[in-house]
Every structure is written in structure tokens, then in C-alpha cells.
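Worksheet: the structure to be examined is printed underneath.
Values in this text are rule-based calculations from the coordinates and carry no lab data. As the structure is a computational prediction, the values presented were derived from the model and not from experiment. Note: ideal-geometry Cβ built from the backbone for every residue, glycine included; neighbour counts use all protein chains shown.
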Amino acid sequence: EADIYQTPRYLVIGTGKKITLECSQTMGHDKMYWYQQDPGMELHLIHYSYGVNSTEKGDLSSESTVSRIRTEHFPLTLESARPSHTSQYLCASSDPGGLGEKLFFGSGTQLSVL
Amino acid sequence: QKEVEQDPGPLSVPEGAIVSLNCTYSNSAFQYFMWYRQYSRKGPELLMYTYSSGNKEDGRFTAQVDKSSKYISLFIRDSQPSDSATYLCAMTRAGNMLTFGGGTRLMVKP
């Protein structure tokens, strides 16, 4: 079944640790995105990719980095986690059919940095 | 001012009520309009997708677009407690990324 997967679902980690949030999709989509969302707040785009070896920063400045070595995989890395990074991180990919893109989201990673 | 405005709510209604959720926008170039539903601590899921003006119906859900007023609506008939979620509108023009509203939190009480 075509889908988009994020792991871990929940992560509690100490300040200063390096973390990688995983995102994989089986839909063959070229475009992938990372959004950050605080509870009850709006979505903020932090990174996106139009394909392999393509990565761009989004509207919201983030200390995280991303890579896109394979079409299906778009991991997000924080070199040194801080409490201000506590948030929900949502990965998405878009359906290339038609002119108005449709985003498909993963279930998200809830990150808590102590 | 944001490109897409959405009342954050919360909107509380009794089970069985007709719910109306709305967004206004300022960019007249938007052509594609979407509604996403997001349950607590989950990712948004695409609910409705429409192009240009008009209505689209899918079961208990109706999406309405009025481009002349720059106003879109989502109607939910016979609302159920399982409809309790945050509803986000989103819109774009061809080849561009989505612009999201801030979301409206809906609570349907049994």
C-alpha cells in the first residue's frame, strides 16, 4: 500500500544530542516537505525537495538540515537538539498529477527536548 | 496580513448539526482549493480538493468556492463526534506550493 512513513512517532531526548527524524514514502513522489507545527498552531514549512540531490529552506528558519539521496527517503537532522526544538515535525510528499499539488502527510514525530 | 485567514475557533456544535467552516484569502491568483482534516497529534489528511469556483460534494462534506469574494467554505452535514478535529484550508496556483490557513478546531458533542 502506497503511504508515507515517519519514525519515530515520539522522541524524548536530552539537550545537545544529535537526532535524525526519518521519512519515507512509497508513492514515487518527487516533491517532499518538512513542516513544523506547535500544538494548536499553524503549519510552518522548514524544508522541501523537488527531487534527488535537491533541498531548499522553507519559510520558517530552522537549525535542522535535510538530505535527499534517494527519491523515497527525506531525513531531517538536528546536530544539537535544544528545548526550543520541541515541536511536532510533519513530513509530506505531493502528488504530481494535475497542476494544483495535493500533499500527503505522515503521522508526524513528536519531539521533546529536555 | 496573512494570505489565508481562518478563524481558529474552537467551534463547538451538538451531534447532528450542520457545520460551516470558512477561509478568506487575498491572492486572486489562487485556483486550487483544498480542505485538510487533522486529528490531534496526527498529520493532516486531504478531505476535499476543488478547482476554481463552484461546489463539490462528497458524502456529508460539501466544499464551496467563491472566487469573486475570495471566500471558501466547507460544510459538514449530520456532524458526528468523529468529525471533531482541526480543519485546515489550503490553496495554490498552478506550479506553486500550498498556502495553508491556521486551522479551525471543531468539537462535535454527543
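Using only atoms on other chains, find how many Cβ atoms lie within 10 Å of each Cβ of peptide B:69-80 and report the average.
Numbers: counts 0, 0, 0, 0, 0, 0, 0, 0, 0, 0, 0, 0.
The per-residue average across the peptide is 0.
When the chain is fully extended, how far beyond the present Cα-Cα distance does B:Y51 get from B:S28, taking 0.36 nm per residue of separation?
Working: separation 23, 0.36 × 23 = 8.28 nm, distance 1.34 nm.
Stretched out fully, the B:Y51 to B:S28 stretch lengthens by 6.9 nm.
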Exercise for review: Keeping to pairs on different chains or 8 or more places apart, tell me how many lysine pairs in the protein assembly as shown have Cα atoms under 23 Å apart.
Suggested key: 17
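Across peptide A:38-48, how many C-beta atoms of other chains are within 10 Å of each residue C-beta, on average? Walk me through the numbers on the way to the answer.
Details: counts 0, 2, 8, 3, 10, 11, 1, 4, 0, 0, 1.
That average works out to 4.
Kirkwood hydrodynamic radius for chain B: how many Å is it when counted over pairs of different Cα atoms? Present the calculation step by step, with values, prior to reporting the outcome.
On the way: mean 1/r = 0.0718 Å⁻¹.
Over chain B, the inverse of the mean reciprocal pair distance is 13.9 Å.
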Review point. Pick from B:S84, B:S53, B:S40: which is most flexible by mean-square fluctuation in a GNM of chain B where alpha carbon atoms under 10 Å apart are linked?
Key: B:S40
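So how do B:V65, B:V13 line up by other beta-carbon neighbours within 10 Å, fewest first?
Working: B:V65 23, B:V13 17.
Going from least to most buried by this count: B:V13, B:V65.
Taking neighbour Cβ counts within 10 Å as the exposure measure, how do B:S28, A:S67, B:S79 sort from fewest upward?
Values: B:S28 10, A:S67 15, B:S79 21.
With the fewest neighbours first, B:S28, A:S67, B:S79 line up as B:S28, A:S67, B:S79.
For A:K57 and A:L114, calculate 0.36 nm times their separation in residues minus their Cα-Cα distance, and state this gained length in nm to one decimal. Could the numbers behind the result be given before it?
Numbers: separation 57, 0.36 × 57 = 20.52 nm, distance 2.60 nm.
Separation in residues times 0.36 nm, less the Cα-Cα distance, equals 17.9 nm.
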**Study point:** Dipole in debye (nearest 20) - the protein assembly as shown, about Cα centre, beta carbon charges: Lys, Arg +1; Asp, Glu -1
**Key:** 260
Exercise for review: Please give the FRET efficiency for A:D38 paired with B:R60, using the beta carbon to beta carbon distance and R0 = 30 Å, rounded to the nearest 0.05.
Suggested key: 0.50
Review point. Taking every residue in A:25-37, how many Cβ atoms of other protein chains lie within 10 Å of its Cβ, on average?
Key: 1
Exercise for review: Compute the FRET efficiency between A:D30 and B:S12 as 1/(1 + (r/R0)^6), taking r as their Cβ-Cβ distance and R0 = 35 Å, and round to the nearest 0.05.
Suggested key: 0.25
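Taking 0.36 nm per residue of separation and subtracting the Cα-Cα distance, what length does fully extending A:R9 through A:S84 add?
Gain in length upon complete extension: 25.1 nm.
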